[in-house]
Amino acid sequence: MGRGAKAITSILLIEFLLLYNTVSQQGLEESAAARTLKQEPHHTNEVHCSRERSKAAWKIIEDYLMPFLEEEGFQISTKCRLHPDNDLFRDQEQHKICLDVNEWRCGYCKKSFRAENFLDQHFDNRHYNLLSVNQSKCLADLCGALHCDFVMNSKSLKAKCNPAAVARNRHLCESLADSCFPITQGPSASRLHELFLHQFCDAHTCSRKNKPFPKGGKKQTSILYMATSILILMLLPIFYLLYYLYQREMNRGTQVLRRVSQVGRKTKPS
Ligand SMILES: [Zn+2]
């Protein structure tokens, strides 16, 4: 009996060891497979640059920097990462033809689309070869410095401030100011250097006292201008109507007074 029990336990032990071995081997193979899967994207020629974020960065440059460049008559060099040539998607964006809100046309092959994002997909699928894949040309990489998140969705701003990320963005922002507006290049370059720091870099702080783009931009001023002109146009007729009614009431009032005084004079002798 004792010998039989020993044999059974030893058989069970051997089976357990064999099973454990195969399971662990499988695990090793699986993790190896996962590793190769993870490594795979590095071998493909995919564009690792967000079109959406590049678009947001371009919009910020266009709205909050370009008006000041035009004012100074300043031309940024191609060495500056904010230069249009350094935006991977600029050429495609310039080949978007918007005929109507619901009609977009591809400038390369003239195909029509119902929405802008379908045209974006078309660019990704059909005109991929036109993109010169170059990491230094990704405008989305400057999003941290240019406050893309502030413009795209203000919800994430309520998240806790990360001092390391803030310092990194501030450094990138200041290096952009130095490379795009070298203070040695003259008075307008140094004025724009100062403006860039004020407009974009000062807000990279955890105190949140400084908001980005304090000097405003093209869009904001145009909206303000439109709103004030509409308000004035709406208020003017109301003002004239009130003035007319007031004048009429005044005239009527004096007429009544005149009549009252005339009646008074007539009744006096009796
Ligand atoms: Zn096309």
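What follows draws every value from the coordinates through simple rules; no lab data is involved. Because the structure is a prediction, the values reported are computed rather than measured. As a convention, Cβ positions derive from the backbone with ideal geometry for all residues, glycine included, and neighbour counts pool all protein chains shown.
Can you give me the distance in nm between label points at D100 and V47, each placed 7 Å from the Cα along the Cα-to-Cβ direction?
If labels sit at D100 and V47, their model points lie 2.8 nm apart.
For the stretch 138-206, what does the alpha-carbon gyration tensor say about shape, rounded, prolate or oblate, given a ≥ b ≥ c as the root eigenvalues, a/c under 1.5 as rounded, and a/b over b/c as prolate? Could the numbers behind the result be given before it?
On the way: a/c = 2.32, a/b = 2.15, b/c = 1.08.
Prolate is the answer for the stretch 138-206, as a/c is 1.5 or above and a/b outweighs b/c.
What is the fewest-to-most order of L245, L142, L197 by other Cβ atoms lying within 10 Å of their Cβ?
Working: L245 10, L142 24, L197 17.
The order, fewest Cβ neighbours first, is L245, L197, L142.
Taking 51 Å as R0, compute the FRET efficiency from the Cβ-Cβ separation of K79 and L236 and round it to 0.05.
On the way: r = 52 Å, r/R0 = 1.01.
The formula returns an efficiency of 0.50 here.
How many nm is it between the label spots at K110 and R259, if each spot is 7 Å from the Cα in line with the beta carbon?
7.8 nm
What residue among I76, C148, N129 has its Cα farthest toward the positive end of the dipole of the stretch 71-149, where the charges are +1 on Lys, Arg and -1 on Asp, Glu, each on the Cβ?
N129
At what distance in angstrom do the alpha carbon centres of the stretch 176-229 and the stretch 80-131 lie from each other?
28 Å
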